[in-house]
Every structure is written in structure tokens, then in C-alpha cells.
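J.: Handing you this structure, nothing more for now.
We did not get these values from a lab; they are worked out from the coordinates using the rules stated. In this text, all values refer to a predicted model and were calculated from it rather than measured experimentally. Here Cβ is always computed from backbone atoms with ideal geometry, including for glycine, and neighbour counts include all displayed protein chains.
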Amino acid sequence: MPTLDEKLAELNRKYAAALGGRIDELAGYLQAYESNGSHSDLEKLYKNAHAVAGSARTFGLPEVTDRAKELELAARDGAGTEILHKKLSALKKCISS
């Protein structure tokens, strides 16, 4: 039977593996917002960036938390797409490193 530490390590691995997909979803929302200007897509970007920030905090990933929070706030405040792309790029960079 796995120990608690082993179970937590497995959860962390699964979370890290799924994080790339979550970032791809954020990129999709940004692309959709950029294409059609729908505030619904911007809201999806905001809410999902918020979710990534919260889950990353739970899994002890402070840099991911900070970058996701920056993207969340920029989307919430209706920042331009250039800024949103920069925030998303910074989030992607900290995940890939």
C-alpha cells in the first residue's frame, strides 16, 4: 500500500501532466477572444486562469500561481490582447522550465 508521501507525489505528477492542457485551454480562450471580441471568451480566460492560480497554489507551485494570477487580473481588467499574450507566454515559460 502506498504511503501518504507517495500518494501526494503521484497527485503532483498528475497535476503537472495536466497543466499543459489547461494552458492550451487558456490559449484557446484568448485566441477566440482575439478573433471575435466576445466578452464571454474573455470571461472564460479570466475564470480559468483563476482556477489555475488556485490549483497551482494548492500544489505548491508559487511561480505558476503568480503568473496565472497576473493573467487572471489582466483578463478581468480587460487588458489588450498584446498584454494578455505576454502574460500567457510568461505562464507557459514558467511551466516549461
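J.: Using Cα positions and a limit of under 27 Å, work out the lysines in reach of residue 7, with same-chain residues fewer than 8 apart set aside.
T.: Straight-line reach from residue 7, under 27 Å: 92.
J.: To continue, here is another question. Need the list of lysines near residue 86 for cross-linking: C-alpha distance under 28 angstrom, and skip anything on the same chain fewer than eight residues off.
T.: Within the straight-line cut-off, residue 86 pairs with 14, 44, 47, 69.
J.: Taking only the C-alpha atoms, wrap a convex hull around the stretch 1-53 and report its volume per residue in Å³ as a whole number.
T.: Value for the stretch 1-53: 66 Å³ per residue.
J.: Please state the relative contact order of the stretch 27-97 as a whole percent: Cα pairs under 8 Å, 6+ residues apart? Mind showing how you got there, number by number?
T.: Working: 74 pairs, mean separation 20.7, N = 71.
Rounded, it is 29 percent for the stretch 27-97.
J.: With n ≥ 4 as the cut-off for DSSP H runs, can you work out [θ] at 222 nm for the chain, using -39500 (n - 2.57) per run divided by the number of residues, rounded to the nearest 500?
T.: That comes out to -30000 deg cm²/dmol.
J.: Note the listed values (1) 1.11; (2) 1.15; (3) 1.02, then indicate which one is Cα Rg over 2.2 N^0.38 Å calculated from this particular structure.
T.: Calculated Cα Rg over 2.2 N^0.38 Å: the matching label is (2).
J.: Apply the Karplus parameterisation 6.51 cos²θ - 1.76 cosθ + 1.60, with θ equal to phi minus 60°, to every residue of the stretch 74-80 and state each ³J(HN,Hα) to the nearest whole Hz, in sequence, with x for glycine and proline.
T.: Once rounded to whole Hz, the list reads 5, 5, 4, 8, x, 4, x.
J.: Dipole of the chain, Cα-centred, from +1 at each Lys and Arg C-beta and -1 at each Asp and Glu C-beta, to the nearest 20 debye? Before the final figure, lay out each step's value.
T.: On the way: 14 positive and 14 negative charges, 24 e Å.
Charge dipole of the chain: 120 debye, to the nearest 20.
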